[in-house]
Structure formats: C-alpha cells, structure tokens
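Have a look at the structure below, then the notes.
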Amino acid sequence: MLKQFFIICSGSDAKILEGCSNGEQNKYAGIGATVFFTALMAFIAASYALFTVFDNLATSIFFGFLWGLLIFNLDRYIVSTIKKTGNILDELVQAMPRIVLAVIIAVVIAKPLELKIFEKEINQVLLEQKNDFTLANKEQIALQYTPVIEDLEIQNKALQDQIDTREAEVNALYETYIAEAEGREGTMLLGKGPVYKEKREKHDAMLAELQELKAANKLKIEANESQMALLNSEYKGQVETSQPVIDNFDGLMARVNALGELPWLPSFFIFLLFLAIETSPVFAKLLSPRGEYDIKFNEAEDELKIWAAQNEGQRKAVLQTDHAVNDRVYGDISEEEELYAYKRKIARELLKKQQEAFYKKQTRIL
C-alpha cells in the first residue's frame, strides 16, 4: 500500500510499472518518497513562516498545507516530465529548467527552517536591535520636547537669578543700616539718627520690591514648571505609545534580516542540505540507467505516435479521394444538355428582370 502511494507520488505510470520488476518499482517508489517528504518539509517550513506573520496556528497550518500541496505538485511534475532517452546531453537539457526551479523551491523551503533552527540566536539579535530602536526612538521624540523644556528651564533660572540678585541687594542694605545704627560705618555715631532712618527706608522700599518680584516670578516659575511637567508627560506618553511597535518588531522580514547578521556558513550548509533534498528526485532520475519502465513507456509513446500518424494519413487519403470524386461528378454534370438549357433559361429571365428594373429606375430619375 505504501509502495503504491509512493509510486503515485513519483508521477510514473502505475499500469506500466505493474509489469516491471520489483527493482524498477522500488526505484520509482524511492523517487516518489523523496517527492513526498520534500513536500512535507515544505509544509512544515511554510506553516512556521506563516505563523510568524499571522500568529494564528489554524491559519498557518491551512495555508502551509496548501503550500505543501503546491510543492508536491511541482516536484511530481518535474520528475514525471524527464524522459530517459539514453542521450545524456539531451536529458541534461530537459532537466536544466527543472533544476533551476528546484533551486528556487529549495531556497523557499530552507529559509523558514533556518529561522526556526537559529531562533535563539535570532532572538538575541532582535533584542539588541530593539534596544537600539528604543534608544533612537526616545532621542527622536525628545527632539520635539527638549528644546522647549530647556528654554523654560533657562527662563526659570533667569527669574530665580533676578530674585537672588535683588535679595542680595536687600541684604546689603540691611547690613548697611544695621552698621549705621551700631556706629561701625557711615557717620560712625551710635544710635538711630537721620542717616539710619534714610538707609532703613531705602532698605524697606527695596524689600517691598523684592516681595513683589518674588510673588510675580514665583507665578511665572510655577507656570513654566507646569508646562514642563505637561511636556514631560506628553514625552512619556509618546514613548509608551510607540514602544509596542518596537516590541512587536519580530516579524518574518525582521527575522530574515536578523538571520543575515549571523555567520553565513551554517545557513549555507542548511541551504545545501535542502537543495540536495529538493534536487535529489531530478538527479536520481538523471543518474539512473535507462530501465525496463523507460523502455516500455517509450514504446507506448511510439505506438501512440504511429497510431496518430496513421490516422492523419488516412484522413489525408480520404480527403484526396473525395476531391477526385467531386471533380469527376461535377465534370460529368457540366456536359449534360438538359442542365445547360435550364441554366440558360434562368439566366435569360434574370437578365430581363435586371433590364426592366434598370429602365424603371431611369424613368423615375427623369
């Protein structure tokens, strides 16, 4: 049962193989098994590749199964259309387009399995890329907010510097009138004289201005700090919003690119392995000697060609005979007087009617 199934997979004529030896049947069963297992590998590879895209197991298996059927049909067609003629050059010419197609199929099959085999290494590369993307994303978003926040910080510093400068002036005036009262500076007289009062009034006026400045600048600083807090909140919000995009950066194309970052030699050998698997049915057919099945298959084709050629010759002979018979029949009829007289009568009546119609037309014109 399994042998018959693999023979069907090989694309050979099961009826012709029934009359061949067991060795010949086993050869084509082996070719069919290679075709089947290549399609099975294609199904597994496509299902995994599609799972990385759709993230849905049922959908991935369904479309992977369709892809496996497509590869099975292509491989079966490739093997079944190579004819063993005994001429190596002719067989190579037949096989060359099929080998190119087999190489393309091998690439398509091997790549998803490479992604699965090197999954841990690819995840490491993707993690590094995600970290780089995260830092770059934060820097790009910060470019929208950092200049405004820095400008607000500079404004706050300038406002605070105004307060500090005015406060230093007030403290200096305070020290001046205290020193005047103690007789350490100014008039050098102990007590609260006119000069003391003058300096005290100047200090008090400056202190009132300082209080007003503090109140005004405090409002401005608080407004700037509120705006900076809002900008920082918007910055964090944009970072959090864009981060899931970076976290989900692990699709099929991203993994293929990450695979390209790894050493090429292991991937190349895996590709060679699948190339050997995919092209093995073709080369098995090319390298195998012309066997009993090939002879019988070519004989069946030759019989069909001879039968078709015979039918074509018979049709041509029938056509030629029919032409010759028709020529003789019409030749004999053309010599009959009765037919001649009848056609003469009809022609005469036709000419009369034409002449009458012409006369009537000319009369209407005049």
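The values are calculated or read from the model by the stated rules, or taken from the named source; none is laboratory data. All values reported here derive from a predicted model rather than from experimental measurement. Using ideal geometry, Cβ is built from the backbone for each residue, glycine included, and neighbour counts are taken over all protein chains shown.
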Exercise. Is it the case that the range 343-357 has a residue that's at pLDDT below 80, touching a Lys or Arg at 6+ places or on another chain (Cβ under 7 Å) and surrounded by 10 or more Cβ atoms within 10 Å (Cβ to Cβ)?
Worked result: no
Problem set entry | Members of the range 35-44 found to be surrounded by fewer than 22 Cβ atoms within 10 Å (Cβ to Cβ) and touching a residue at least 40 places away in the same chain (Cβ under 8 Å), listed by number | 37, 41, 44
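Need a quick list: helices (runs of 4 or more DSSP H) entirely within the range 1-104 having at least 3 residues that are in contact with an Asp or Glu (Cβ under 6 Å, 6 or more places away or on another chain).
Qualifying helices (runs of 4 or more DSSP H): 22-54.
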Exercise. Just to be sure, is residue 300 closer than 30 Å to residue 100 by Cβ, assigned to a helix (DSSP H, G or I) and either of a type in the set (S, T, N, Q) or in contact with an Asp or Glu (Cβ under 9 Å, 6 or more places away or on another chain) (or both)?
Worked result: yes
Seminar exercise, completed: Over the range 236-255, the set of residues polar (S, T, N, Q), in a helix (DSSP H, G or I) and under 28 Å from the mean Cα position of the chain (by Cα) is 241, 242, 243
Exercise. Would you pick out the residues in the range 226-245 that are in contact (Cβ under 8 Å) with a residue 40 or more places away in the chain and among the acidic types (Asp, Glu)?
Worked result: 234
Exercise. Taking residue 284, is it in contact with a helix residue (DSSP H, G or I) (Cβ under 9 Å, 6 or more places away or on another chain) and either assigned by TED's automatic domain parsing to the domain that holds residue 10 or exposed (fewer than 10 other Cβ atoms within 10 Å of the Cβ) (or both)?
Worked result: yes
Exercise. Looking at this structure, is residue 60 crowded, with 18+ Cβ neighbours inside 10 Å and modelled with pLDDT of 75 or more?
Worked result: yes
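One line per residue, one yes/no per condition, for (1) under 22 Å from residue 272 (Cα atoms); (2) touching a helix residue (DSSP H, G or I) at 6+ places or on another chain (Cβ under 6 Å):
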position	(1), (2)
63	no, yes
70	yes, no
75	yes, yes
83	no, no
94	no, no
154	no, no
Seminar exercise, completed: Considering residues that are under 12 Å from residue 118 (Cβ atoms) and either in contact (Cβ under 8 Å) with a residue 12 or more places away in the chain or surrounded by 15 or more Cβ atoms within 10 Å (Cβ to Cβ) (or both), the number found within the range 246-269 is 8
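Each row is one residue, and each column tells you yes or no for (1) under 30 Å from residue 267 (Cβ atoms); (2) surrounded by fewer than 16 Cβ atoms within 10 Å (Cβ to Cβ); (3) at pLDDT below 85.
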residue	(1), (2), (3)
133	yes, no, no
148	no, yes, no
156	no, no, no
170	no, no, yes
173	no, no, yes
184	no, yes, yes
187	no, yes, yes
196	no, no, yes
Seminar exercise, completed: All conditions in (1) under 26 Å from residue 29 (Cβ atoms); (2) of a type in the set (D, E, K, R); (3) touching a residue at least 24 places away in the same chain (Cβ under 8 Å); (4) part of a helix (DSSP H, G or I) are true of residue 290 except (4)
Exercise. Identify, please: which residue in the range 256-295 is of a type in the set (Gly, Ala, Ser) and under 23 Å from residue 37 (Cβ atoms) and is, among those, nearest to the chain's Cα centre (by Cα)?
Worked result: 267
For this session: Pick out the one residue from 233, 226, 267 that is closer than 25 Å to residue 109 by Cα and part of a helix (DSSP H, G or I).
Result: 267
Problem set entry | Search result, residues across the range 1-10 that are surrounded by fewer than 21 Cβ atoms within 10 Å (Cβ to Cβ) and within 17 Å of residue 297 (Cα to Cα) | 8
For this session: Return yes when residue 48 is buried (at least 17 other Cβ atoms within 10 Å of the Cβ) and either farther than 13 Å from residue 282 by Cβ or at pLDDT 80 or above (or both) and no when it is not.
Result: yes
